[in-house]
Amino acid sequence: MRAWVESIGLFAPGLVGWNAGREVLAGRAAYDNTPLPKYKPALLPPNERRRATNSVRIAFGACEDAVGDNLSEAADLAAVFASSGGDYGVHDQICRALMREEIAVSPTHFHNSVHNAAAGYWSIATGAHAPSVSLSAHDSSVAAGLLEALPLVTLEQLPTLLVFSDCEVVATMHSKRPVDEPFSCALWLTPEPTSRSLASVQVNANCTEGVESTCANGELERLRCNNPAARVLPLLELLALNQGGTAVIQGSSGQPVAVTVQFD
Amino acid sequence: MQALAISHYTLSSALGVGIDAQLSALREGRSGLGECRFDRGAELATYVGEVDGVDDVSLPPALAGFDCRNNRLAAMGLNADGFGAAVSQAVQRYGKDRIGVYVGTSTAGIYQTELAYRELSQNNDALPDWYNYAGTHNTYSIADFVRQYLGLQGPASAISTACSSSAKVFASAHRAIAAGYCDAAVVGGVDSLCLTTLFGFHALQLVAQDVCRPMDSERRGLSIGEAAGFALLERDHDGARMRLLGYGESGDAHHMSAPHPEGLGAIAAMQAALTRAELASHQVDYINLHGTGTAANDLAESRAVSALFGTDTPCSSTKGFTGHTLGAAGIAEAVFCLLAMEHGFAPQSLHCRNLDPEIACHVLLESRSAALRHVLSNSFGFGGSNCSLLLGMNSAVEA
C-alpha cells in the first residue's frame with residue numbers, strides 16, 4: 001500500500017514546525033530543546049480554545065503546521081490520531097478530585113479525558129465530518145497509526161491526516177510513565193500523487209525481520225526512545241533528507257513495520 | 001464492500017456471563033440494572049449495570065501485570081461461550097501471527113489509578129509499588145491483555161473513540177483484513193465501572209437517578225454499565241451464517257459532549273453503512289439505537305433515523321437492559337443484533353413507558369417475533385464520533 005505525503009507538521013521542543021525542524025533532522029541546524037510556551041490553537045473557536053488541554057494543544061501544533069492555510073481541504077480530511085496515553089494531566093486532576101471527601105469532578109475535565117479529545121477538537125476546528133480513528137498501542141502507537149491510516153487512504157480513497165502525539169507526563173505519574181517532553185507530528189496523506197506531493201510512503205506490515213531504525217544524533221535518539229510519538233523520527237529523517245530509504249518501526253506484537261520512502 | 005464472516009461471538013454484561021444469559025434476559029424483559037453500590041459510586045443516587053463476580057476472577061500468573069477490574073472482566077468474557085477455543089481453531093487455520101486484535105475501550109483500567117491515588121497521601125505523593133500503569137490504565141492495556149491471553153501475534157491496537165469505540169473496531173478489522181495485514185481478527189470491547197465515569201457523567205448532569213428510560217417522555221439520563229464482548233471475524237465464505245455487511249463512520253464536528261441536534265453525523269454514518277452493504281433503507285429489518293436515555297441524544301438520533309428510514313422500521317434501545325456500557329456498547333449491541341437475527345425477535349426498548357411524542361421513529365415498547373435478515377446498530381460517542389454497523393444473517397446456512 002502506497003500513499004503520498006502532501007505535507008508534514010511537526011511540533012516539539014527544538015522541532016517547531018516542519019520547515020525549521022527539517023533543518024535539524026537533516027543535520028543542517030542545531031537541536032535546541034528549550035521548553036516551549038503553551039501552544040495557542042489558531043483554528044479553535046474561543047470556547048474550545050479556552051477548554052483545550054495540554055494534549056490537545058500539542059496535537060494541534062502539528063496538525064495546524066501540516067494543513068497551513070489549506071482550510072477548505074482540511075475540512076475534507078479523514079483522521080487517525082495515534083497517541084499512547086492521551087492527557088495525563090487531566091487524568092491526574094480527575095483522580096485527585098476522586099480522592100476528596102466531597103467528590104466534584106469538573107465536567108470539562110471529564111469530556112477532555114476521552115482518548116479522542118484531540119480528534120474531537122480537530123473536527124470542530126476544521127468542520128471535518130469524515131471518519132476519524134483514535135487509537136493506542138502503547139510504545140507501538142506510531143506503527144499502529146500507520147497501519148490504520150494506510151488502508152483508509154488507499155482502500156477507502158480518503159485523504160487523511162495521520163497524527164502522532166504524546167504529551168509529557170505529569171509529576172505524580174512520571175515514575176510509572178517517564179515521558180519528559182511533548183512531541184507531535186502530522187502527515188497529510190493522499191491516495192494519488194498531487195502537484196504538492198513531497199514523497200510517497202509504502203507500509204509493509206508483514207515484515208518479519210528488520211532491526212528498529214534509530215536516530216544518528218544522540219539527543220534525537222534520546223527523544224525517540226523517551227516519547228512514544230517520537231518513534232516516527234527515523235521516517236521524518238528520511239523525509240527531511242530528501243532521501244529514499246526504509247525506516248523500521250516497532251509494531252505492537254513485536255513485529256516490525258517497515259515504511260519505505262520514495263522521491264520520484 | 002467484501003463482507004466479513006462473524007464466526008463466533010460472546011458477551012458478558014449485567015445480564016450475566018455468556019450469550020445464553022443475554023438471550024433469556026432480552027426475551028423475558030429482565031433488566032440487569034440495580035442501585036449503585038460500586039465503591040464511592042454508592043454516594044450517587046443512581047442505577048448501574050454491574051457484572052457480578054468480576055472481583056473473583058484471577059488472571060494467569062504470566063499476565064499478573066495486567067491485573068485490574070477491566071482485564072478481569074475481559075478474562076471473564078473471553079472464558080465464556082467457548083470463545084478461546086474458537087480462536088485456537090482459527091490459529092490452527094491461519095497461524096497466530098495472522099490474526100489481528102482490535103479492542104475498544106473508553107477508560108481501560110483507570111479504576112486501578114483511582115485506587116493507587118488513594119495511597120498518595122501516606123506515600124509522600126508517590127504512587128504505590130503495586131501500581132502498573134502500562135498493564136492497567138494505558139488505553140492499549142486491554143488490547144495487549146486480550147492478545148496475550150489468546151496467544152495471538154498479529155497486529156493489535158486499542159480503538160478509543162469514547163462510546164463508539166467497539167463499533168469502530170469492526171471497521172478497523174475490516175481494513176486490516178482487506179489490506180492483508182491479517183486473515184482474521186478478534187474484535188471486541190471492554191469497559192468496567194470506575195469513579196471517573198460515574199462522577200464524570202454525573203458532573204455533566206447526564207445520569208438518571210432512576211433506571212435509564214431511553215425514548216421515554218420522562219427520560220432523565222443514562223445508567224452506566226460495564227461489559228466485555230468479543231467476535232471473531234474472518235474473510236467471507238459460503239458457510240458464514242452471520243456477516244458484517246457494512247460499516248459507516250463519521251464526525252459531528254459540532255460539540256465535545258453533545259450530539260448535533262439534527263443528527264447530521266448520525267445520518268452520514270448510517271448512510272455510509274447502507275452504501276457499503278449495497279442495501280436500501282427499506283431492506284433493514286431492525287435498528288438497535290444508541291439510545292442512551294439523555295434528552296438530547298435520543299431526540300437527535302430519532303430525527304436522524306426518521307430522516308433516513310422513515311417511521312416504520314422497528315427500533316429499540318437495549319440500554320435499559322445493560323446500562324450504557326460506553327466503550328463496550330458497540331460490541332454489546334452488535335451481539336444483541338446477532339442474537340435477535342439468530343432467534344427471530346426484535347427486543348423491546350426496556351423501561352420506556354410513555355414514548356416521547358417528539359420521538360418519531362418506530363420504537364418497540366414490547367419485544368416481538370420477527371424474521372430479521374439485515375439489522376443496523378448505532379454507536380455514537382463524545383467528540384462527535386459516530387459509527388453504524390450493518391449486520392446480516394444468511395438463513396440458508398444452518399446455525
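Taking segment B:98-131 only, how many residues are part of a loop (DSSP other than H, G, I, E, B), over 18 Å from the mean Cα position of the chain (by Cα) and at the interface with chain A (Cβ under 8 Å from one of its Cβ atoms)? Outline the logic, then answer.
Of all residues in segment B:98-131, those part of a loop (DSSP other than H, G, I, E, B) come to B:105-109, B:118-120, B:124-131.
So of that shortlist, the ones also over 18 Å from the mean Cα position of the chain (by Cα) come out as B:118-120, B:124-131.
Right, trim to at the interface with chain A (Cβ under 8 Å from one of its Cβ atoms) and you get B:118, B:120, B:125-127, B:131.
The number of residues fulfilling the criteria is 6.
Considering A:Pro37, A:Pro45, which residue is out of contact with any Phe, Trp or Tyr (no Cβ under 8 Å at 6 or more places or on another chain), over 28 Å from A:Thr194 (Cα atoms) and in contact (Cβ under 8 Å) with a residue 24 or more places away in the chain?
On the way: A:Pro37 fails: in contact (Cβ under 8 Å) with a residue 24 or more places away in the chain.
Of the residues listed, the single one that is out of contact with any Phe, Trp or Tyr (no Cβ under 8 Å at 6 or more places or on another chain), over 28 Å from A:Thr194 (Cα atoms) and in contact (Cβ under 8 Å) with a residue 24 or more places away in the chain is A:Pro45.
Can you find even one residue in segment B:136-146 that is over 29 Å from A:Thr208 (Cβ atoms), facing another protein chain (nearest Cβ under 9 Å) and either touching a strand residue (DSSP E or B) at 6+ places or on another chain (Cβ under 8 Å) or not in a loop (DSSP other than H, G, I, E, B) (or both)? Let's see the steps before the verdict.
Here is the first cut: in segment B:136-146, the ones over 29 Å from A:Thr208 (Cβ atoms) are B:136-137.
Within this subset, residues satisfying the condition of being facing another protein chain (nearest Cβ under 9 Å) are B:137.
Next, from what is left, pick out any that are either touching a strand residue (DSSP E or B) at 6+ places or on another chain (Cβ under 8 Å) or not in a loop (DSSP other than H, G, I, E, B) (or both): B:137.
Yes.
For segment B:1-49, name all the residues that are in a loop (DSSP other than H, G, I, E, B) and within 30 Å of B:Arg243 (Cα to Cα). First the steps, then the outcome.
Residues of segment B:1-49 that are in a loop (DSSP other than H, G, I, E, B), as a first pass: B:1-3, B:14-15, B:18, B:29-33, B:36-38, B:44-46.
Result: B:Met1, B:Gln2, B:Ala3, B:Ala14, B:Leu15, B:Gly18, B:Gly29, B:Arg30, B:Ser31, B:Gly32.
Of everything in segment B:124-164, what is aromatic (Phe, Trp, Tyr), in contact with a His (Cβ under 9 Å, 6 or more places away or on another chain) and buried (at least 24 other Cβ atoms within 10 Å of the Cβ)? Give them in sequence order.
The first filter runs over segment B:124-164 and keeps only residues aromatic (Phe, Trp, Tyr), leaving B:130-131, B:133, B:140, B:145, B:149.
If we keep only those that are in contact with a His (Cβ under 9 Å, 6 or more places away or on another chain) too, we end up with B:131, B:140.
B:Tyr140, the sole residue that qualifies.
Are any residues in segment A:19-58 among the acidic types (Asp, Glu), part of a helix (DSSP H, G or I) and more than 27 Å from A:Ser72 (Cβ to Cβ), and if so, which ones?
First pass over segment A:19-58, keeping only residues among the acidic types (Asp, Glu): A:23, A:32, A:48.
Now restrict to residues that are part of a helix (DSSP H, G or I): A:23, A:48.
A:Glu23, the sole residue that qualifies.
Suppose the filter is more than 29 Å from B:His8 (Cα to Cα), of a type outside the set (A, V, I, L, M, F, W, C) and in contact with a Pro (Cβ under 9 Å, 6 or more places away or on another chain); does B:Glu301 pass it?
Values: more than 29 Å from B:His8 (Cα to Cα): yes; of a type outside the set (A, V, I, L, M, F, W, C): yes; in contact with a Pro (Cβ under 9 Å, 6 or more places away or on another chain): yes.
Against the criterion (more than 29 Å from B:His8 (Cα to Cα), of a type outside the set (A, V, I, L, M, F, W, C) and in contact with a Pro (Cβ under 9 Å, 6 or more places away or on another chain)), B:Glu301 qualifies.
Taking segment B:255-287 on its own, how many of its residues are assigned to a loop (DSSP other than H, G, I, E, B) and touching a helix residue (DSSP H, G or I) at 6+ places or on another chain (Cβ under 8 Å)? Steps first, answer last, please.
Initial filter on segment B:255-287 (assigned to a loop (DSSP other than H, G, I, E, B)): B:255-263, B:278-280, B:284-285.
Keeping just the survivors that are touching a helix residue (DSSP H, G or I) at 6+ places or on another chain (Cβ under 8 Å) gives B:255-263, B:280, B:284.
Qualifying residue count for the region: 11.
Please go through segment B:287-316 and give me each residue that is within 19 Å of B:Ala371 (Cα to Cα) and either among the acidic types (Asp, Glu) or surrounded by 24 or more Cβ atoms within 10 Å (Cβ to Cβ) (or both), ordered by number.
B:Ile287, B:Asn288, B:Leu289, B:Asp312, B:Cys315, B:Ser316
Does segment B:54-85 hold any residues that are assigned to a helix (DSSP H, G or I), buried (at least 18 other Cβ atoms within 10 Å of the Cβ) and of a type in the set (A, V, I, L, M, F, W, C), and which are they?
If the condition is that a residue be assigned to a helix (DSSP H, G or I), buried (at least 18 other Cβ atoms within 10 Å of the Cβ) and of a type in the set (A, V, I, L, M, F, W, C), then B:Val54, B:Phe66, B:Leu73, B:Ala74, B:Ala75, B:Met76, B:Leu78, B:Ala80, B:Phe83 are the ones that fit.
Take the residues in segment B:276-306 that are of a type in the set (D, E, K, R) and in contact with a strand residue (DSSP E or B) (Cβ under 9 Å, 6 or more places away or on another chain); name whichever of them is nearest to B:Pro347 (Cα to Cα). Before you say what the answer is, go through the steps one by one.
Just the residues of segment B:276-306 that are of a type in the set (D, E, K, R), to begin with: B:276, B:278, B:285, B:298, B:301, B:303.
Next, from what is left, pick out any that are in contact with a strand residue (DSSP E or B) (Cβ under 9 Å, 6 or more places away or on another chain): B:276, B:278, B:285, B:298, B:301.
Numbers: B:Arg276: 26, B:Glu278: 25, B:Asp285: 12, B:Asp298: 17, B:Glu301: 18 Å.
If we take residues in segment B:276-306 being of a type in the set (D, E, K, R) and in contact with a strand residue (DSSP E or B) (Cβ under 9 Å, 6 or more places away or on another chain), then B:Asp285 is nearest to B:Pro347 (Cα to Cα).
Give all pairs with beta carbons closer than 6 Å in which a residue from segment A:133-152 that is more than 7 Å from chain B (Cβ to nearest Cβ) and within 19 Å of A:Pro178 (Cβ to Cβ) meets a residue that is of a type in the set (Phe, Trp, Tyr) and surrounded by 24 or more Cβ atoms within 10 Å (Cβ to Cβ); count only pairs at least 6 apart in sequence or on separate chains.
A:Val142/A:Phe164
Six or more apart or on different chains, Cβ under 7 Å: which pairs go from a residue in segment B:196-208 that's under 13 Å from A:His109 (Cα atoms) to one that's among the acidic types (Asp, Glu) and in a helix (DSSP H, G or I)? Could you list them?
Every condition considered, the pairs that remain are B:Thr196/B:Glu114.
Examine segment B:222-234 for a residue that is in a loop (DSSP other than H, G, I, E, B), more than 14 Å from chain A (Cβ to nearest Cβ) and more than 30 Å from B:Glu398 (Cβ to Cβ), and state whether such a residue exists. Let's see the steps before the verdict.
First, the residues of segment B:222-234 that are in a loop (DSSP other than H, G, I, E, B): B:223, B:226.
Among the residues that remain, those that are also more than 14 Å from chain A (Cβ to nearest Cβ) are: B:223, B:226.
Those left that are additionally more than 30 Å from B:Glu398 (Cβ to Cβ): B:223, B:226.
Yes, segment B:222-234 contains at least one residue that is in a loop (DSSP other than H, G, I, E, B), more than 14 Å from chain A (Cβ to nearest Cβ) and more than 30 Å from B:Glu398 (Cβ to Cβ).
How about segment A:181-223: which of its residues are within 14 Å of chain B (Cβ to nearest Cβ), in a strand (DSSP E or B) and surrounded by fewer than 21 Cβ atoms within 10 Å (Cβ to Cβ)?
Hits for segment A:181-223 are A:Gln202, A:Asn204.
Taking segment A:89-132 on its own, how many of its residues are in contact (Cβ under 8 Å) with a residue 60 or more places away in the chain, crowded, with 23+ Cβ neighbours inside 10 Å and either more than 7 Å from chain B (Cβ to nearest Cβ) or over 15 Å from B:Asn138 (Cβ atoms) (or both)? Steps first, please.
Within segment A:89-132, the subset in contact (Cβ under 8 Å) with a residue 60 or more places away in the chain is A:89, A:91-92, A:112, A:117-118, A:121-122, A:124-126.
Remaining after also requiring crowded, with 23+ Cβ neighbours inside 10 Å: A:91, A:112, A:117-118, A:121-122, A:125-126.
Filter again for either more than 7 Å from chain B (Cβ to nearest Cβ) or over 15 Å from B:Asn138 (Cβ atoms) (or both), leaving A:112, A:117-118, A:121-122, A:125-126.
So the answer is 7.
Among the residues of segment B:245-258, is any within 12 Å of chain A (Cβ to nearest Cβ), in contact with a strand residue (DSSP E or B) (Cβ under 9 Å, 6 or more places away or on another chain) and of a type in the set (Ser, Thr, Tyr)?
Applying the first criterion (within 12 Å of chain A (Cβ to nearest Cβ)) to segment B:245-258 yields B:247-258.
So of that shortlist, the ones also in contact with a strand residue (DSSP E or B) (Cβ under 9 Å, 6 or more places away or on another chain) come out as B:247-252.
Keeping just the survivors that are of a type in the set (Ser, Thr, Tyr) gives B:247, B:250.
Yes, some residue in segment B:245-258 is within 12 Å of chain A (Cβ to nearest Cβ), in contact with a strand residue (DSSP E or B) (Cβ under 9 Å, 6 or more places away or on another chain) and of a type in the set (Ser, Thr, Tyr).
Read-outs: derived from the displayed coordinates by stated rules, not from any lab. Since the model is a prediction, treat every value here as computed from it, not as a measurement. Here the Cβ is made from the backbone with ideal geometry for all residues, glycine too, and neighbour counts use every protein chain on show.
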